[in-house]
Amino acid sequence: MASLRSINQEDLRNHNLSVIIDTILRSSSPLSRADLAKATGLTKATMSLLGAMLLDNQVVREMQPDSSQSTYGRPSTPFTVAHGRWAGIGLQINTDGYGCMALDLDGTVIDSRWEDDDMRETDPDDIFARLDAISGPIEEDLRRKGYRTVGSGLALPGLVADGRELLMARNLGWGQLKLERFDLFRRLGPVAGNEARMAALAQIPGYATQRPVGGGDSRLSPTDSFIYISTDIGIGGAVVKRGTVDVGDHGFAGELGHVSVDLNGPTCRCGRRGCLETYAGRRALVEAADIVTGARAVSPRAADELYRRWEAGDPGAVDAIDRGLDAMISVMASAINTVDVDTVILGGFWSNFGGNLAQRLEDRLTQLVLGRQAVKVRVLMPSVAEYPALRGAAEVGLRKFIDNPLTFFGQGV
Ligand SMILES: [Zn+2]
């Protein structure tokens, strides 16, 4: 009985530490021990003990005492996440390149590297070897700086089963890939997942890194619900409900790019007709604007040309974008009506198209949402727009620590 009781004590301590770290990360203002005790329901004595553990293990540091917030006459000393000890690694293979990012628990990007490349019909062994070659120096850099790497994530542009098998990524021409066959995967043991889901996680304030004081430029709160649409050659999506990604029963929820908007539309790579991707995907837009067709339509140069022509008012480009927008609005409205959330975040390629794009989308969506009398639709551009899936993947790695901090304490580098 004695050993059973001590195991439960450890579990409880682990759980409490996890809740405290989560509370610190999600807060938009620094919290003192007294604030944390109040927010978590822990006693002041327990909070004091666990606070000491978090300080000893360099998870938090004490800020300057705040004499305006005194408790029993003593100024309160708020905590903030310490810099320089705990890191997650994000990996991504996408249709336009591959890269690696190391992220500090305080939200600082420690190191990152991205290689632009045309990834269609590439050899997975070759790409994983190249990703391995750019990750190695970043891992070495972390060790040299005294970081403890707690976990990693791998964002892929396709359907991923159980975090370790890529069932298919049509825009790469890859399928049925057991990820454990790659050295990089065996070495870092990342949690693999769909890129749109990882990009969506990166938008949730305080999900796995310290939220900026005052909330930063995010218009979301940590428990908001939203639909994230990730746009590139393919279009992906994720549904976030109250701060948690709803992955569905098999892990494949949110595939908005394959919602059909026209039963007689063009045939999609998935086999259906009139999918959103065939109107609003990067390649589809370049072809519809008559810039180039076929393999050359996926090049970043072709996308730049589309953007240039659209800005100059070229009728072909403007028409293509308008048609893409119609398709996007149709799918967004269907998604809002299906899952009942009021916020859509438009990420990726499409977020380049004009400062008033969000407002235009909002105005048109409002007309199409069934509950419009009661629902105020918001369309937001992502607050994390630079490599959001890569950052989200690193945050997935950091979550391993946040969910189980005690297992990492007291161990070496
Ligand atoms: Zn499709």
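For the residues Met119, Met328, Met101, Met381, what sequence is obtained by ranking on other C-beta atoms within 10 Å, fewest first?
Met381, Met119, Met328, Met101
In nm, what is the difference between 0.36 nm times the number of residues separating Thr223 and Ala45 and their Cα-Cα distance?
61.2 nm is the gain from fully extending Thr223 to Ala45.
Suppose we look only past 41 Å in the calculated P(r) of the chain. What percent of the Cα-Cα pairs does that tail hold?
Tail of the P(r) past 41 Å holds 20 percent of the pairs.
Neighbouring Cβ atoms within 10 Å as the yardstick, rank Glu305, Glu121 fewest first.
Glu121, Glu305
I need the fraction of alpha carbon pairs in segment 155-218 separated by more than 16 Å, rounded to a whole percent.
Summing the P(r) of segment 155-218 above 16 Å gives 55 percent of all pairs.
Computed over the Cα atoms, what is the radius of gyration of segment 2-68 divided by 2.2 N^0.38 Å, N being its residue count?
That works out to 1.19 for segment 2-68.
Across 5 Å bins from the origin, how do the percents of Cα pairs in segment 112-198 run, short distances first?
Result returned by the calculation: 3, 13, 23, 26, 20, 9, 4, 1.
Given R₀ = 22 Å, what would the calculated FRET efficiency be for Glu386 paired with Glu140, taking r from the Cβ atoms and rounding to 0.05?
Rounded to the nearest 0.05, the efficiency is 0.40.
Over all alpha-carbon pairs in segment 226-380, figure out the percentage whose distance exceeds 29 Å.
16 percent
Order by neighbour count: Trp86, Trp310, fewest other Cβ atoms within 10 Å first, most last.
Least to most surrounded, the residues fall as Trp310, Trp86.
Net charge near Asp249, counting Lys/Arg +1 and Asp/Glu -1 over other residues with Cβ under 14 Å of its Cβ?
Local charge sum for Asp249: -3.
What does the net charge come to around Gly107 if you take all other residues with beta carbon closer than 11 Å to its beta carbon, with K and R at +1 and D and E at -1?
-1
What lysines does Lys145 reach when the alpha-carbon gap must be under 28 Å and sequence neighbours fewer than 8 apart in one chain are set aside?
Answer for Lys145, where 28 Å is the Cα cut-off: Lys400, listed by chain and number.
If we count every other residue with Cβ under 15 angstrom of Thr40's Cβ, Lys/Arg +1 and Asp/Glu -1, where does the sum land?
Here the charged neighbours net out to +3.
Contour minus end-to-end for Ala133 and Asp403, with contour as 0.36 nm per residue of separation and end-to-end as the Cα-Cα distance?
Full-extension gain reported as 94.2 nm.
With r defined as the distance between the Cβ atoms of Leu368 and Asp322 and R0 fixed at 25 Å, what FRET efficiency is calculated, to the nearest 0.05?
The computed FRET efficiency comes out at 0.95.
May I ask you to compute the full-extension gain from Asp249 to Thr267, defined as 0.36 nm times their residue separation minus their alpha-carbon distance, rounded to one decimal in nm?
3.7 nm
Remind me, relative contact order of the chain in percent, using alpha carbon pairs under 8 angstrom and six or more residues apart?
Value for the chain: 19 percent.
Each value in this text was obtained by applying a stated rule to the coordinates, not by laboratory testing. In this text the structure is predicted, and so the values were computed from the model without any measurement. No Cβ is skipped: glycine too gets one built from the backbone with ideal geometry, and neighbour counts run over all protein chains shown.
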